[in-house]
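First up is the structure itself, then whatever we jot down about it.
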Amino acid sequence: MKDILLAYARAVKSLTERGVLWHLIWPSLVAAVIWLGVGVAFWQPMVDAVMAFIGSWDWAANQMSTSDLGAAFVLVMVKISLAVLFLPLVYVTAALIVAVFALPMMLEKVAVTRYSDLEMRKGGTVSGSAFNAVVAVVLFILAMLVSLPFWLIPGVGLVVSLMLTAWMNKKAFGYDALMLHADKGEMTRLRSRHSGAMLGLGVGCALLAYVPIVNLFAPAFCGLAFVHYLLEALRRDRTGNLSSPNHGTY
């Protein structure tokens with residue numbers, strides 16, 4: 001937990017570095033515009049499609065046909081679920097943009113000031129980053145679609161969304177954070193060794209997606225936090241020490 005909090009603190013400090021703040025904002029703005037357009041254009045068809053899907057279940061169709069209150073409740077829950085669904089979709093789209101475009105540029109700026117002692121072994125590639133990010137997003141969307149029927153249970157949608165978003169953060173940013181400095185063996189070893197901590201780091205970032213205004217920064221801030229966490233882990237791995245000389249400093 002201490003290492004996760006340190007990564008967050010260093011990510012906050014990195015916001016003061018020249019050129020970094022803009023890369024935190026623009027990916028989410030682009031993603032928000034995309035999904036706002038989708039929502040405006042296809043809101044009613046989406047609601048109708050989900051209601052038709054639920055109506056295909058015999059027990060649900062019987063309940064809605066015999067109770068106006070029950071039908072109204074299902075309709076409200078469907079609209080709420082769709083509205084909540086747009087938040088992780090905006091986040092995941094922004095995360096894809098961050099992973100492919102913004103994070104590599106931020107990584108170069110951050111690495112020069114804080115991790116200049118790390119040799120750049122370039123175990124990852126730009127094409128590998130893009131492929132990894134696309135795979136993470138596709139699997140995220142498929143898992144979200146499979147889980148949709150359970151979103152009608154109050155609270156389940158939020159929990160599912162948080163955990164899937166956390167997993168996607170771990171999958172997408174874990175590669176990008178190490179791609180310039182670690183070799184292939186180090187990338188595999190560190191991501192495996194720190195798998196649980198990376199998921200925890202991703203959960204904290206996923207929670208930010210539900211905080212107004214802050215959610216504009218969340219995907220790129222998450223990428224920065226992964227950079228700090230994993231490059232510090234790489235530094236320790238290479239020195240063979242439990243703590244690096246700079247550990248605990250901002």
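Before moving on, here are some points about what is shown:
- Of all residues making up the range 85-110, the number that are open to solvent by 10 Å² or more (accessible area, probe 1.4 Å) and over 28 Å from residue 157 (Cβ atoms): 5
- Filter result (open to solvent by 40 Å² or more (accessible area, probe 1.4 Å) and either at pLDDT 90 or above or within 18 Å of the chain's Cα centre (by Cα) (or both)) within the range 3-20: 3, 5, 8, 12
- Evaluation of residue 80 against (1) surrounded by 13 or more Cβ atoms within 10 Å (Cβ to Cβ); (2) within 30 Å of residue 214 (Cα to Cα); (3) in contact (Cβ under 8 Å) with a residue 24 or more places away in the chain (one fails), failing number: (3)
- Filtered residue count, the range 111-129, keeping only those that are open to solvent by 30 Å² or more (accessible area, probe 1.4 Å) and either in a helix (DSSP H, G or I) or not small (Gly, Ala, Ser) (or both): 11
- Residue among 179, 187, 144, 168 that is in contact with a Lys or Arg (Cβ under 8 Å, 6 or more places away or on another chain), touching a residue at least 24 places away in the same chain (Cβ under 8 Å) and open to solvent by less than 50 Å² (accessible area, probe 1.4 Å): 179
- Within the range 193-212, residues that are within 15 Å of residue 5 (Cβ to Cβ) sit with their Cβ atoms under 6 Å from residues that are at pLDDT below 95 and of a type in the set (S, T, N, Q), at 6+ positions apart or across chains, in these pairs: 202/169; 205/169.
- Only listed residue being under 25 Å from residue 229 (Cβ atoms), of a type in the set (Ser, Thr, Tyr) and under 14 Å from the mean Cα position of the chain (by Cα), chosen from 129, 161: 161
- Of the residues in the range 46-68, none is touching a helix residue (DSSP H, G or I) at 6+ places or on another chain (Cβ under 9 Å), in contact (Cβ under 8 Å) with a residue 12 or more places away in the chain, under 30 Å from residue 179 (Cα atoms) and surrounded by fewer than 16 Cβ atoms within 10 Å (Cβ to Cβ).
- Residue check, residue 74 of a type in the set (Val, Ile, Thr), surrounded by 17 or more Cβ atoms within 10 Å (Cβ to Cβ), closer than 30 Å to residue 211 by Cα and more than 26 Å from the chain's Cα centre (by Cα): yes
- Residue match in the range 217-228 (condition: aliphatic (A, V, I, L, M) and either without any contact (Cβ under 8 Å) to a residue 40 or more places away in the chain or surrounded by fewer than 19 Cβ atoms within 10 Å (Cβ to Cβ) (or both)): no
The values are calculated or read from the model by the stated rules, or taken from the named source; none is laboratory data. Every value quoted in this text rests on a predicted model; they were computed, and no experiment measured them. When we count neighbours, we look across all protein chains shown, and the Cβ atoms used for this are built from the backbone with ideal geometry, even at glycine. Protein only, heavy atoms only, side chains kept; ligands, DNA and RNA dropped before computing areas. Shrake-Rupley method; radii C 1.70, N 1.55, O 1.52, S 1.80 Å.
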